[in-house]
Amino acid sequence: MPKHQISVVVLAAGKGTRMKSKLHKVLHAIGGKPMLHHLLDSVEELSPQKTVLVVGADREQVEAQARNCEVVTQTEQLGTGHAVMVTKPALQGTAGDVLVLYGDVPFIPTALMEQMITAKAATANTGLVVLGFRPKDPAKYGRLVTTPDGALERIVEFKDATDSERQIDLCNSGMMLIDGSKMFPWLASLSNNNASGEYYLTDLVAAARADDYNVSVVEASEKDVLGINSREDLALAEATFQNKMRQRALSGGVTMTDPSTVYFSHDTHIGTDVIIEPGVVFGPNVTIEDGVTIKAYSHIDGAYIRTGATIGPFARLRPGADVGENAKVGNFVEVKKAKLEQGVKVSHLSYIGDATIGAEANIGAGTITCNYDGFLKFETHIGAGAFIGSNSALVAPVTIGDGALVGAGSVITKDVESDALAVARGQQRNRAGFAATFRETQAAKKAAQSDKKKGR
């Protein structure tokens, strides 16, 4: 059952030309998640009757990413008022009020939406609730002119404001909650007799007051209504998001020696007593259990790291990496789609892909699992307690048994039985005195070539 008798309209029809991108503006990612999804996740917590997404340019891109909402098209860009007008068929048969949000304002929290709903319900005669904010730099935002009792009298665009009105620091975010029974009649009364030839949603304030309805204001913090129109705005939004994630991690029992250099994904899950050194980057779908240490400049994406493990420095964990309790993945080690059981050590300069490694196995420096033949991927299985010597190549598909030893520099192409020793390398031959003779011979050849060039 819906939590509130409301519907939500998300406006995302703008072309976003200032982004200078082939990707639709609302699909640019913040913390690894499209900004539209940040907003829709908050909307879903509200449990509305229906969510309607208004699209225009590049409809196919946005529609492919729409979740739990109906998509309608604004074929002509005739303003925000017109964008809400086109939702009429989609909202047919719904009851209650309509919350209008913007797809490029991703951080508005559900609690703030609920505050707007509460403000409208506070008096029977409130037809509209406008979301305002007080930015550090009001710049050219529209100003909210209120009455002595705090009701909204009108919205004045900066270019039309008097000097005294420009001193008002309460600004318009553009988002509002509208009485559902009056919204479309009020929209029908709007005029596009202005310089832009557009229908402005802000004109609903005058329509509501002309109909003897009260208009309320709810204030938001500037960070909650941060809008994204350019790459600079996107960078600011990313910084805002990362600061929030860092604070959440610190508050949750994570130690970061230089928090400003650590970057999280929207879905990073971290336990307590985790230590994260500088320069660590988390991609999507990472879970870190308690007591893990992640050393500097490691990149972790799609991995599960279990209690007490140590990662890095300069390690790369790719999707499907599953690092067991108290295991070690050291410097310049890459792990992809591989399960490392408890106590495994892969200390340095190795690639482990499409593999399973049994408990307490030790993988020497420079070991690689040769998992790809140019067409297909194959798996390597290394048993518990096995020891793989440095600079070994394990050519998959291959199985190394429990407790087996592989000599350094081996190229293993056949299975190795448990507790066996496998050595696969060319036989060494030493020729006494060869090096000295070689140097003398080559030096003489070089000298002869030099004399020839000089014409001697």
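Can you tell me the accessible area per residue over the chain, all protein chains present, probe 1.4 angstrom, in square angstrom? Each step should come with its number before you reach the end.
Values: 22370 Å² over 456 residues.
Value for the chain: 49 Å² per residue.
Can you give the calculated 222 nm mean residue ellipticity of the chain, where each DSSP H run of n ≥ 4 adds -39,500 (n - 2.57) and the sum is split over every residue, rounded to the nearest 500 deg cm²/dmol?
Numbers: 10 runs with 99 residues, N = 456.
After summing the helix terms and dividing by residue count, I get -6500 deg cm²/dmol.
With a/c under 1.5 counting as rounded, go ahead and sort segment 7-89 into rounded, prolate or oblate using the C-alpha gyration tensor (a ≥ b ≥ c being the square roots of the eigenvalues; past the cut-off, prolate if a/b is larger than b/c, else oblate). Please report the intermediate quantities before stating the final value.
Numbers: a/c = 1.97, a/b = 1.04, b/c = 1.89.
Oblate, since a/c reaches 1.5 and b/c is not below a/b.
If you roll a 1.4 Å probe over the chain with all protein chains in place, what percent of the accessible area is carbon or sulfur? List each step's numbers first, then the result.
Values: 11320 of 22370 Å².
Exposed carbon and sulfur together represent 51 percent of the surface.
On C-alpha positions alone, give me the angle between the axis of helix 110-121 and the longest principal axis of the chain, in degrees, nearest 10.
Here the helix axis deviates by roughly 10 degrees.
Once the dipole of segment 146-287 is set up with Lys and Arg at +1 and Asp and Glu at -1 on Cβ about the Cα centre, which of Thr287, Gln242, Tyr213 lies farthest towards its positive end?
Thr287
Quick one: angle between helix 35-46 and the longest Cα principal axis of the chain, in degrees between 0 and 90, rounded to 10, please.
Helix 35-46 and the main axis of the chain meet at about 60 degrees.
Using only the Cα atoms of the chain, what do you get for the radius of gyration and for Dmax, in Å?
Cα-based Rg and Dmax for the chain come out at 32.0, 110 Å.
7 Å from Cα along Cα→Cβ at both Ala111 and Asn125: what's the point-to-point distance in nm?
Output for this residue pair reads 3.2 nm.
Straight-line reach from Lys136: which lysines have a Cα under 29 Å away, not including same-chain ones fewer than 8 places off?
Straight-distance partners of Lys136: Lys15, Lys20, Lys25, Lys33, Lys120, Lys159, Lys223, Lys244.
Which lysines, if any, have their Cα less than 29 Å from the Cα of Lys345, not counting same-chain residues under 8 positions apart?
Here the lysines satisfying the reach criterion relative to Lys345 are Lys295, Lys328, Lys336, Lys337, Lys377, Lys414.
Below 8 Å, C-alpha to C-alpha, sequence gap of six or more: please give me the relative contact order for segment 1-81 in percent.
39
Treating the angle as unsigned and between 0 and 90°, give the value, to the nearest 10°, between the Cα long axis of helix 231-251 and the longest Cα principal axis of the chain.
Computed tilt is about 70 degrees.
Distance in nm between label sites at Ala408 and Ala235, each 7 Å beyond Cα in the beta-carbon direction?
Between Ala408 and Ala235, the label points sit 4.8 nm apart.
Antiparallel DSSP bridges in the chain: what percent, to the nearest 5?
Values: 16 of 93 bridges.
That works out to approximately 15 percent antiparallel.
Using Cα pairs closer than 8 Å and at least 6 residues apart in sequence, work out the relative contact order for segment 52-199, in percent.
Values: 185 pairs, mean separation 40.5, N = 148.
That works out to 27 percent.
Could you pull out the chymotrypsin sites (Phe, Trp or Tyr not before Pro) across segment 346-380 that fall in loop regions by DSSP (anything but H, G, I, E, B) with no more than 11 other Cβ atoms inside 10 Å? Display every interim value, and only then the final one.
Numbers: sites: Tyr351, Tyr372, Phe375, Phe378; in loops: Phe375, Phe378.
Passing both the DSSP loop test and the Cβ count: Phe375.
Counting alpha carbon pairs within less than 8 Å and at least 6 residues apart, what relative contact order, in whole percent, applies to the chain?
Working: 1112 pairs, mean separation 37.7, N = 456.
Averaging sequence separation for qualifying contacts and normalising by length gives 8 percent for the chain.
Checking the cross-link filter: which lysines have an alpha carbon closer than 22 Å to that of Lys453, excluding same-chain neighbours under 8 positions apart?
Reachable lysines: Lys445.
The values are calculated or read from the model by the stated rules, or taken from the named source; none is laboratory data. Keep in mind it's a predicted model, so treat the numbers as computed, not measured. Please note: Cβ atoms are built from the backbone with ideal geometry, for glycine as well, and neighbour counts cover all protein chains shown. Heavy atoms of the whole protein, side chains included, go into the accessibility calculation; ligands, DNA and RNA do not. Shrake-Rupley method; radii C 1.70, N 1.55, O 1.52, S 1.80 Å.
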